[in-house]
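Worksheet: one structure, shown below.
The values are calculated or read from the model by the stated rules, or taken from the named source; none is laboratory data. Small disclaimer: the values here were computed from a predicted structure and weren't measured. Ideal geometry is used to build each Cβ from the backbone, glycine not excepted, and the neighbour counts take in all protein chains shown.
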Amino acid sequence: MTTPITIPFNKPAMMGNELTYIADAVRGGHISGDGGYTKKCHALFEDMLGISKALLTPSCTAALEMAALLLDFQPGDEVIIPDFTFVSTVNAFVLRGAKPVFIDIRPDTLNMDESKLESLITARTKAIVPVHYAGVGCEMDAIMAIARRHGIAVVEDNAHGLFGKYRGQWLGTFGALATQSFHETKNFTCGEGGALLINDPALVDRAEIIREKGTNRSRFFRGMVDKYTWVDIGSSYLPSDVLAAYLYAQLEARDEVQSRRARIWNTYCAHLGDWAGAHGVTLPTVPEHTEQPYHMFYLLLPSLDVRQALIAHLKAHGILAVFHYLPLHLSDMGRAFGGQVGDCPVTEDVSDRLLRLPFYNDLMEDEQMRVIHALNSFEGW
């Protein structure tokens, strides 16, 4: 008989005012894009992060697609992307005809290996896309210095890292552009959602046009033109204000969200250190010069066989733990772009051994201790 899952990998949590704000948005008579709650979210990001402009989107994928459009990617242009990331990171640029150049990751933080970056740059390189894995900042000083030296744009995929910092600076404020995710697995969610953060003021006007189906509609609503029309390429990248209302309630409770998640992360770390050391398991690395937002807690097991056996063991205890990305260069699409076994050895190794533990805002202490006890009872080494 199959054991029912009683501790899922993820479970979305309401933090207080979500339904109140949704009802308020409906009563206000504006539930399409750029309503009152969308504007509240924009203002919160702009004020807190000190950026030129924030624009909510239906997903982080949509924000990445906007970035590719804003940077005028053309067929044959190249983009350097970590091999260990979600497919949206690369798809957004491939859709514009770009050739992905996959870079391997560091064995400690699992972020882009900046020591390999410069050797991958060519005359066709148009952007570098660091991904802040698990919300732990990439080595942005080195990455930005290389980008400046070669005149290449940086787009931060900050899907995991909202309110994380690198050397005291907010993640998502280094590159010309950055993208956020509010998918249900993220610290702050509206089910499906994202945002484009714009740090280069020169890109703001065109970003608004691209997001509004290639029209100057935003300028019309600000009274800057007497009618709006089609002026550029674009698409519909506006989320409903109902989603923004839900998201704003989550962001409003950001201190409580981060406090809960810090407790969960630190509990795993404190209780699993000795166990990990005894069994050749590696816990997450968070360098002292970074401040993580406590997005996930993962284990690096000794082998694929051990990882799969541990997943089955936890499932038998009603606990769902999951692996993460597969190497992009070894996917069907990655091989079509020339990917071969051995191109990114750290990614190939880590992908087989990584396991993510249950982690969500409402994970109770007794539930977390069940996970920890189940790990300690595993004998499949």
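Checking the stretch 131-140 against the condition returns a match, with at least one residue being in contact with a Leu (Cβ under 6 Å, 6 or more places away or on another chain), at pLDDT 95 or above and closer than 18 Å to A176 by Cα.
Residues in the stretch 362-376 that are assigned to a loop (DSSP other than H, G, I, E, B) and either touching a residue at least 12 places away in the same chain (Cβ under 8 Å) or among the aromatic types (F, W, Y) (or both) were compared, and the one that is surrounded by the most Cβ atoms within 10 Å (Cβ to Cβ) is L363.
Scanning the stretch 154-166 for residues that are in contact (Cβ under 8 Å) with a residue 60 or more places away in the chain and in contact with a helix residue (DSSP H, G or I) (Cβ under 7 Å, 6 or more places away or on another chain) gives V155, D157, A159, H160, G161, F163, G164, Y166. Being free of Cβ contacts under 8 Å to residues at least 40 places away in the same chain, among the hydroxyl-bearing types (S, T, Y) and outside any helix (DSSP H, G or I) is a property that Y294 lacks. Can we say D205 is of a type in the set (D, E) and within 18 Å of C60 (Cα to Cα)? Taking the combined requirement at face value, the residue does not satisfy it. Does the stretch 27-41 contain at least one residue that is modelled with pLDDT of 95 or more, assigned by TED's automatic domain parsing to the domain that holds H150 and more than 23 Å from R217 (Cβ to Cβ)? Scanning the stretch 27-41, I find at least one residue that is modelled with pLDDT of 95 or more, assigned by TED's automatic domain parsing to the domain that holds H150 and more than 23 Å from R217 (Cβ to Cβ), so the answer is yes. Of everything in the stretch 64-120 that is among the hydroxyl-bearing types (S, T, Y) and within 23 Å of R148 (Cα to Cα), the residue that is nearest to the chain's Cα centre (by Cα) is T89. Of all residues in the stretch 333-345, those that are of a type in the set (D, E) have Cβ atoms under 8 Å from Cβ atoms of residues that are part of a helix (DSSP H, G or I), 6 or more apart or on another chain, in D343/H329. Within the bounds of the stretch 45-53, is there any residue that is in a helix (DSSP H, G or I), surrounded by fewer than 16 Cβ atoms within 10 Å (Cβ to Cβ) and touching an Asp or Glu at 6+ places or on another chain (Cβ under 7 Å)? No, the conditions are met nowhere in the stretch 45-53. Considering every residue within the stretch 256-272, establish whether at least one is more than 26 Å from the chain's Cα centre (by Cα) and surrounded by 15 or more Cβ atoms within 10 Å (Cβ to Cβ). Looking for residues that are more than 26 Å from the chain's Cα centre (by Cα) and surrounded by 15 or more Cβ atoms within 10 Å (Cβ to Cβ), one finds at least one in the stretch 256-272, hence yes. Taking residues in the stretch 218-238 that are hydroxyl-bearing (S, T, Y), and partners anywhere that are at pLDDT 80 or above and surrounded by fewer than 15 Cβ atoms within 10 Å (Cβ to Cβ), not one pair has Cβ atoms closer than 7 Å while being at least 6 places apart or on different chains.
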